1. Using only Cα atoms, locate the centre of the range 100-116 and the centre of the range 164-235, then give the distance between them in Å, rounded to an integer.
2. Using Cβ contacts closer than 10 Å as the measure, can you line up Asp59, Asp217 from fewest to most?
3. Any of Lys167/Lys187; Lys35/Lys226; Lys71/Lys145; Lys58/Lys193; Lys35/Lys58; Lys35/Lys71 with alpha carbons more than 26 Å apart? Name them for me.
4. Calculated from DSSP H runs of 4 or more alone, at -39500 (n - 2.57) each and per residue, what is the 222 nm mean residue ellipticity of the chain, nearest 500?
5. How would Leu7, Leu109 line up from fewest to most surrounding beta-carbon atoms within 10 angstrom?
6. Dividing the Cα radius of gyration by the Kirkwood radius, what Rg/Rh value follows for the chain?
7. If the viscosity is 1.002 mPa s and the temperature 20 °C, what Stokes-Einstein diffusion coefficient in µm²/s follows for the range 36-76 when Rh is the Kirkwood radius over Cα pairs?
8. Taking the Kirkwood radius as the inverse of the mean 1/r across Cα pairs, report the Rg/Rh of the range 92-214.
Amino acid sequence: MKLVSLLFVLGFTKAATLRICSFNVQSFGEAKGSKPEVMDVIVKVVSRCDIMLLMEIKDNSDRVIHSLMAKLNRRQLVAVRNSYQYLDDQPGDVDAFSREPFIVWFTSLNTEVTDFVIVPQHTTPEAAVREIDELYDVYLDVRQKWNTENFIFMGDFNAGCSYVAKKYWKDIRLRTNQDFVWLIENKVDTTVKSSTNCAYDRIVLHGENLINSVVPDSAVVFDFMKSYGLSETQALDVSDHYPVEFQINRLKSSPRRAKSSHIARSG
């Protein structure tokens, strides 16, 4: 069964910031969706965020996604301007991604930065170095196509431990180019198991306006096991990854403008 990613635009709360999150929920399908205690945690995790990238959706019928959306039921106050699936058509490089990223351009009337592009990516572990590096080509293509500089790359990059060893970072342009800011660094553990310590899940920013709008120290791993008082076994029933997140500042006096809900789907 094909695994896909969904980008939920959940809504702008009354909080002073916009919280943007990424969560590999690990084979999220009907089996996991049939467990009330698991769904309760997933709903709590997702509802904390204004924009949430969910990865590893394993749900051909869409039942679990519709169930999740019904439980969330929040208004969107960030507009999706445009979106498309990135397909690499460069000769000799047709297999750049096992799962091509779905590019989404947002316009916000409520935040200090008014436009930003989100590029979700869930790499194939064995090809993580190549696929993370290829995100630089995605940046070049999208920047030219949409004439924008504010980018958020996020997802399960598998960017740690044996998949991206220290010696390979020099081969990743998204890392060596100083214009890109990595909010989740190599020393951070984004995994649930106590026996692992890997920074698989990442958030990478580009664009001075976007970077300057980030709330200091807001880029964190959300430890739902500790926050919700779960055992490791209970937490692993939810996922073997923790979500990663950051916040951008809201305008002190922002317009109130409701939009319809939106989901972007990536294969």
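1. 20
2. On the way: Asp59 22, Asp217 8.
Lowest count first: Asp217, Asp59.
3. Lys71/Lys145
4. Details: 8 runs with 65 residues, N = 267.
After summing the helix terms and dividing by the residues of the chain, the value is -6500 deg cm²/dmol.
5. On the way: Leu7 24, Leu109 15.
By the 10 Å Cβ count, ascending: Leu109, Leu7.
6. On the way: Rg = 17.5 Å, Rh = 18.7 Å.
Rounded to two decimals, Rg over Rh is 0.94.
7. Working: Rh = 11.0 Å.
The diffusion coefficient I find is 196 µm²/s.
8. Details: Rg = 14.6 Å, Rh = 15.0 Å.
Result for the range 92-214 is an Rg/Rh of 0.97.
Read the figures in this text as sums done on the coordinates, not as results from a lab. Bear in mind the structure is a predicted one, so any value in this text is a computation, not a measurement. FYI the Cβ positions are ideal-geometry reconstructions off the backbone, even for glycines, and counts take in every protein chain you see.
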